[in-house]
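The values are calculated or read from the model by the stated rules, or taken from the named source; none is laboratory data. Note that this is a predicted model, so its numbers are computed, not measured. Ideal geometry is used to build each Cβ from the backbone, glycine not excepted, and the neighbour counts take in all protein chains shown. Quick note on the areas: whole protein, heavy atoms, side chains included, nothing else; ligands and nucleic acids left out. Shrake-Rupley method; radii C 1.70, N 1.55, O 1.52, S 1.80 Å.
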Amino acid sequence: MIDFLDRIQQIADYKGIKITALERELGASKGVLSRAIANHTDIQCKWLCALVEKYPDINTYWLLTGKDSMVSMTTPHECPRCADKERIIEALKSTISKQELIIDLLGANKKG
């Protein structure tokens, strides 16, 4: 747990704030993180989730494992999957339109 708590301190240092300010930003009670860091004790999962939500630029994998870099190489808005999402949606809409046309044509053939 010590390494994980050290990484929380590194995030505060990187953001240029004190742990008490980080606690405030996360909505944690004063001392929640600072006591855990000082005493090398566990923190609740909700503070980890709040940290990840508050700072999407921090690499979650690094936060949990200490591997890779602290700062994520892509922000959520730069994610290649997100960019492809719009293209995929448009392709699916096109496919649906074509299928609806085929269904309409098949229905017209049955009536005629």
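Structure data summary
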{"quantity": "Pair list, Cβ under 7 Å, 6 or more apart: the range 1-17 residue over 12 Å from residue 70 (Cα atoms), other residue loosely packed, with under 15 Cβ neighbours inside 10 Å and modelled with pLDDT under 90", "calculated": "1/40; 1/42; 2/40; 3/66; 5/40"}
{"quantity": "In the range 1-34, the residues that are open to solvent by less than 60 Å² (accessible area, probe 1.4 Å), in a loop (DSSP other than H, G, I, E, B) and closer than 21 Å to residue 72 by Cβ", "calculated": "17"}
{"quantity": "Enumeration of residues in the range 35-56 that are exposed (fewer than 13 other Cβ atoms within 10 Å of the Cβ) and of a type in the set (Lys, Arg)", "calculated": "46"}
{"quantity": "Test: residue in the range 78-96 that is modelled with pLDDT of 85 or more, under 26 Å from residue 9 (Cα atoms) and surrounded by 10 or more Cβ atoms within 10 Å (Cβ to Cβ)", "calculated": "no"}
{"quantity": "Residue count, the range 35-64 (criterion: among the charged types (D, E, K, R) and in a helix (DSSP H, G or I))", "calculated": "4"}
